[in-house]
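The values are calculated or read from the model by the stated rules, or taken from the named source; none is laboratory data. What you see is a predicted model, and the numbers here were worked out from it, not measured in a lab. Virtual Cβ from ideal backbone geometry, glycine too; neighbours counted across all protein chains shown. For accessibility, only protein heavy atoms count, side chains too; no ligands or nucleic acids. Shrake-Rupley method; radii C 1.70, N 1.55, O 1.52, S 1.80 Å.
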Amino acid sequence: MIKIVAFAGSNSSTSINMQLVNYVLSQLDDDLFETTRLNLNNFEMPIYSIDREKESGIPEKAHKFRGQFEGAGAIICSMAEHNRSYTVGFKNILDWSSRVDLNIFGGNKMLLMSASPGGYGGGNVMKAASGFFPKCGAEVVDTFSLPKFYDNFKDGEIVDQELNYELKSKVEAFKNTLK
């Protein structure tokens, strides 16, 4: 069994990016993959600062987040975009976790995605994450952006046939890299 860690770069309880992650996870064969879904709210920490780190050390939740990727075979991640960048919740977890070990993602293969209500599909955060995550130990195997989420995603699935085919093809190719 291959362990896959999945999360959305959002702390919203109604995250459209988590909905996209869940859709991708529904495409996986339960006999081959063991999945763990992370909720960023379980890793909430004080805002990172060097002063806080010197005074109190690195929070245990940063170690726990980093530890989620140990022993994993792959990561599925969908990034939310706020003001053309990472959400503050995710960025704070990333900052603290990098103080544990910059190899946050542990050398795992990653399917990197984003979804947004707008037409650009989270393209800005996707570009930032695609460039930075490899420095944090992610091997970004493929990417997928879902624009106009509320038009293209209904009842737990992508309704635009071209986008759905694109994602399903990328999921199949990603699964093949894990064998």
**Prompt:** Here are Gly89, Gly67: which of them is open to solvent by 10 Å² or more (accessible area, probe 1.4 Å), more than 17 Å from Ile16 (Cβ to Cβ) and not hydroxyl-bearing (Ser, Thr, Tyr)?
**Reply:** Gly67
**Request:** Would you be able to tell me the number of residues in the stretch 140-167 that are of a type outside the set (A, V, I, L, M) and touching a helix residue (DSSP H, G or I) at 6+ places or on another chain (Cβ under 9 Å)?
**Result:** 13
**Item:** Matching residues in the stretch 38-92 - criterion: being part of a loop (DSSP other than H, G, I, E, B) and either touching a residue at least 60 places away in the same chain (Cβ under 8 Å) or of a type in the set (Gly, Ala, Ser) (or both)
**Value:** Ser49, Gly57, Gln68, Phe69, Gly71, Ala72, Gly73, Ala80, Tyr86, Thr87
**Asked** Val140: of a type in the set (A, V, I, L, M), free of Cβ contacts under 8 Å to residues at least 24 places away in the same chain and either farther than 17 Å from Asn108 by Cβ or open to solvent by less than 50 Å² (accessible area, probe 1.4 Å) (or both), yes or no?
**Response** no
**Prompt:** Name the residues in the stretch 143-163 that are more than 20 Å from Thr14 (Cα to Cα) and either free of Cβ contacts under 8 Å to residues at least 24 places away in the same chain or part of a helix (DSSP H, G or I) (or both), would you?
**Reply:** Asp160, Gln161, Glu162, Leu163
**Filter result for Ser26 (open to solvent by less than 20 Å² (accessible area, probe 1.4 Å), closer than 30 Å to Pro117 by Cα and touching a residue at least 24 places away in the same chain (Cβ under 8 Å))** = no
**Message:** Within the stretch 109-130, take every residue that is open to solvent by 10 Å² or more (accessible area, probe 1.4 Å) and outside any helix (DSSP H, G or I) and give me the one that is modelled with the lowest pLDDT.
**Reply:** Tyr120
**Prompt:** more than 12 Å from the chain's Cα centre (by Cα), farther than 22 Å from Ile2 by Cβ, crowded, with 18+ Cβ neighbours inside 10 Å and β-branched (Val, Ile, Thr), is that true of Ile158?
**Reply:** yes
**Fill in**
Within the stretch 30-54, restricting to residues that are farther than 16 Å from Asn11 by Cα and of a type in the set (Phe, Trp, Tyr), the one that is least open to solvent (accessible area, probe 1.4 Å) is Phe33
**Residues located in the stretch 81-109, provided they are in contact with a helix residue (DSSP H, G or I) (Cβ under 9 Å, 6 or more places away or on another chain), hydrophobic (A, V, I, L, M, F, W, C) and over 14 Å from Leu38 (Cβ atoms)** = Trp96, Val100, Leu102
